[in-house]
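Heads up: the structure comes next, in structure tokens.
What follows draws every value from the coordinates through simple rules; no lab data is involved. Keep in mind that what you see is a predicted model, and the values were worked out from it rather than measured. Cβ placement follows ideal geometry from the backbone for every residue including glycine, while neighbour counts extend to all protein chains displayed.
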Amino acid sequence: MGVISHFKEYLGYLKSPSYEYKREQPLDLVVVTKLYFLVFALELMMFIPISSLVGLESLPHAMEAVMEQYSGWQVFMLAVIIAPIAEEILFRFHLRYRPLIFLFLIICLTAFNYLIVGEPIDIDSHAAMHDPTLVLDSLARYLPYLGLMAIMYLLYFVIPQLRKLTNRLIVNEFAFVFYLTAVIFALVHIFNFELGNTPWYLTPLLVLPQFVLALYLGYVRVRNNIFYSIYVHMLNNAIPMCLLFLASLSGNVQ
């Protein structure tokens with residue numbers, strides 16, 4: 001079966017995502033990688049016109065501040081190792097492990113809290129090393145959400161009827177869960193940009209490539225497992241990071 005056939009199969013899955021899809025026929029690493037590069041080409045095709053339409057080059061990116069604060073290798077570890085592992089656990093673990101749907105729901109609630117309140121978690125890492133209470137103070141506003149998650153999990157594991165109902169709803173309405181996951185994953189990445197005077201109706205375009213990526217990551221998670229989706233996520237983040245390092249090295253040489 002060629003990569004184009006696999007890609008068509010992937011597109012067919014997007015028409016009707018299901019909770020248990022060919023788990024007995026996982027894709028091998030080579031096919032997963034080849035499919036990713038097709039998806040990556042699609043991301044690029046979207047990114048180029050969006051960049052010119054929104055004026056992306058003029059929008060400050062969160063990564064710029066991170067690169068000023070940390071060394072190149074620290075940034076690489078954060079973007080290519082730590083972030084993919086954390087984001088896949090937070091955003092896609094529940095696609096095959098139903099109890100973690102509550103963790104995902106809490107992420108949704110905290111994201112909406114950010115949009116409404118407009119106060120991000122802003123922690124000075126250097127100051128926090130000398131005064132760890134700064135981290136606790138910054139995270140304290142999310143204690144109600146953590147408490148709610150604890151209650152939801154307690155009810156889930158204590159009440160069998162609730163557990164069965166939740167599991168059945170996730171399986172029966174999996175297409176909704178699948179696409180909601182991709183949408184939330186994409187929207188969260190809006191926070192990477194300082195939007196300034198960018199019209200609100202253009203902001204979803206900024207994260208359209210992330211939405212496309214999220215669909216493929218979800219497919220890999222369902223078809224294979226979390227380790228494969230982490231691998232694809234790492235690969236996706238490694239490409240721009242390597243290009244940034246090459247650009248900085250060429251600038252230093254000149």
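Key figures
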{"read-out": "Ordering of 220-230, 203-213, 155-165 by burial proxy (mean other Cβ atoms within 10 Å per residue, highest first)", "value": "220-230, 203-213, 155-165"}
{"read-out": "Nearby lysines by direct alpha-carbon distance to K22 (threshold 20 angstrom, same-chain neighbours under 8 apart not counted)", "value": "K8, K34"}
{"read-out": "In sequence order, calculated HN-Hα J values of region 10-25 (Karplus, 6.51, -1.76, 1.60; Hz; x Gly/Pro)", "value": "4, 4, x, 5, 5, 5, 8, x, 10, 5, 10, 10, 6, 5, 7, 10"}
{"read-out": "Hz values of 3J(HN,Hα) by residue in region 26-35 - Karplus curve (6.51, -1.76, 1.60), Gly and Pro given as x", "value": "x, 7, 7, 4, 5, 5, 4, 5, 4, 4"}
{"read-out": "Relative packing of 40-50, 172-182, which averages over residues the other C-beta atoms within 10 Å, highest first", "value": "172-182, 40-50"}
{"read-out": "Region 5-47 shape via C-alpha gyration tensor axes, a/c threshold 1.5", "value": "oblate"}
